[in-house]
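Structure record follows, encoded as C-alpha cells.
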C-alpha cells in the first residue's frame, strides 16, 4: 500500500521492544495500578526516556503523568484516549499511539509491498492538516491528477481533521478494484471530489536517459522516484551504463521524491562521493552518529540536482549531503522539510507507540526539519505533467542543462568541454 505514512518508519526505522522498561518512580506501587494505568505509565516512561525534546514542548512532563493517573480508567478505550491526549500535548504529529490493529497493520506495511491508491501522505507540521507529499508515478492517484501539497479534507465523506496518519491510511486502504472518494483542496483551485480505483502499485524507482544539450554536451538524466530497497542497485547500473555511453555531466531529478529507506539514501550519496560525511543523527544528548562516504565515486562528472516542495526525507538527506560536500549544485525550489527519526515501541497489550527520538543534520549541521533545503539556484515553476518533464516548459530542467553546458567549474569538478 503506497502511503507516505510509511516513510516516517522506513526512514531510519528501529524496531524496539519497550516492555517493562523502568526509568522513573511510579506515583504509586506498580501492583496498586490497574492494567489500564500501567499502560499509560508505560507510555509516559518511554517518552520520558527517548523523546527528542527534553523540555517535552516546554511543559512539566511529570505533572502530565500525575494528571493522567489521578483516577482509574473505566476501560481500555479510556486509557487509549488518555494516552492520545498525553501525546497531543507534545505537539508532534509523528509521535503517536497505535492501537493493536494499527500496530499490526504498520508492521505488515513496512515490507514495502504497495497496493492501494499510490498516495504518499504526511501531516503538515505547521497546520496539522493531511497533505499529499507525492503520488507514486503511474499509480491510480497520479492518473487521477492528484499533486504534491494537495490537502485531503475528507475520505469517503469523513473529515480528516482528527485522523492520525494511520487512520487516514486505513480508510484509503482496500481491495484492488474497489473505489475510494477523496475531497481534495488545492491552493488557488478550491475543493474538488476525486474518485480513485485502488490497484497494485508498480515501482520502478529509476528513469535513465542520455540526452544532448544544445551545445552538444552529453548529459545523463536520472530521475529517482523513491528510495526503495532496489534504488541504489538500479542507480548504480544506470550511472555505469551512461558512463559507457559517454555522459560527461549529470542531472539527478529528485522532484516529488518523498523519500523511503535511509540506507538507500546513504548508499546513493556514496555513489557520487569519494569521501566526506553524508548525514548526522542528533538525539537530545547531541550528536548520536554519522554516516560517511568511503569512495571511490562512480563518476566525477559535474552534477546538478533538481528539487522542489515534494522532495522529502531521504531525498533531502541526499541533496543536503551532495550540496554541503560541494559535489552538486541544487536547482529548483526549497524542499519539504522532514528531518525527524521515529522509533516504534511495542507496548505490553499489543499496541504500539511511535516516538520521535532524533533528527537529521546535513554535513554542515543544517537542521532539515520544517526548514527544508534551499537550492543554489531558485527556479519556481507551475506544476507540470509527467510527460512535460525535461521539455521546454520544464524551466528547472532547462536551467540545469544551461548550467552544465557552460564551461565552468560545477560542484567542485571542472566541466569537460
The residue from 293, 275, 297, 328 that alone is under 17 Å from residue 220 (Cβ atoms), assigned by TED's automatic domain parsing to the domain that holds residue 210 and surrounded by fewer than 24 Cβ atoms within 10 Å (Cβ to Cβ) is 297
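Looking only at the stretch 216-230, count how many residues are in a loop (DSSP other than H, G, I, E, B) and over 20 Å from the mean Cα position of the chain (by Cα). Walk me through it before giving the result.
Within the stretch 216-230, the first condition is being in a loop (DSSP other than H, G, I, E, B), and the residues that meet it are 216-217, 225-226, 228-230.
Right, trim to over 20 Å from the mean Cα position of the chain (by Cα) and you get 216-217.
The qualifying residues number 2.
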Any chance the stretch 147-156 includes a residue that's exposed (fewer than 14 other Cβ atoms within 10 Å of the Cβ) and either modelled with pLDDT of 85 or more or not in a loop (DSSP other than H, G, I, E, B) (or both)? yes
Return the total of residues in the stretch 159-181 being touching a residue at least 60 places away in the same chain (Cβ under 8 Å) and either crowded, with 17+ Cβ neighbours inside 10 Å or assigned by TED's automatic domain parsing to the domain that holds residue 87 (or both). 10
State whether one or more residues within the stretch 184-198 are touching a strand residue (DSSP E or B) at 6+ places or on another chain (Cβ under 6 Å), in a strand (DSSP E or B) and surrounded by 20 or more Cβ atoms within 10 Å (Cβ to Cβ). yes
Being under 23 Å from residue 136 (Cβ atoms) and touching a strand residue (DSSP E or B) at 6+ places or on another chain (Cβ under 8 Å) is the filter here; which residues of the stretch 281-310 pass it? 305, 306, 307, 308, 310
Within the stretch 108-123, work out how many residues are modelled with pLDDT under 75 and under 16 Å from residue 164 (Cβ atoms). 1
Only one of 322, 371, 395, 318 is surrounded by fewer than 18 Cβ atoms within 10 Å (Cβ to Cβ) and modelled with pLDDT of 95 or more; which? 395
In the stretch 290-331, the residues that are out of contact with any helix residue (DSSP H, G or I) (no Cβ under 9 Å at 6 or more places or on another chain), under 16 Å from residue 376 (Cα atoms) and assigned to a loop (DSSP other than H, G, I, E, B): 309, 326
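The values are calculated or read from the model by the stated rules, or taken from the named source; none is laboratory data. Just so we're clear, the structure is a prediction, and the values are computed from it rather than from any experiment. Here Cβ is always computed from backbone atoms with ideal geometry, including for glycine, and neighbour counts include all displayed protein chains.
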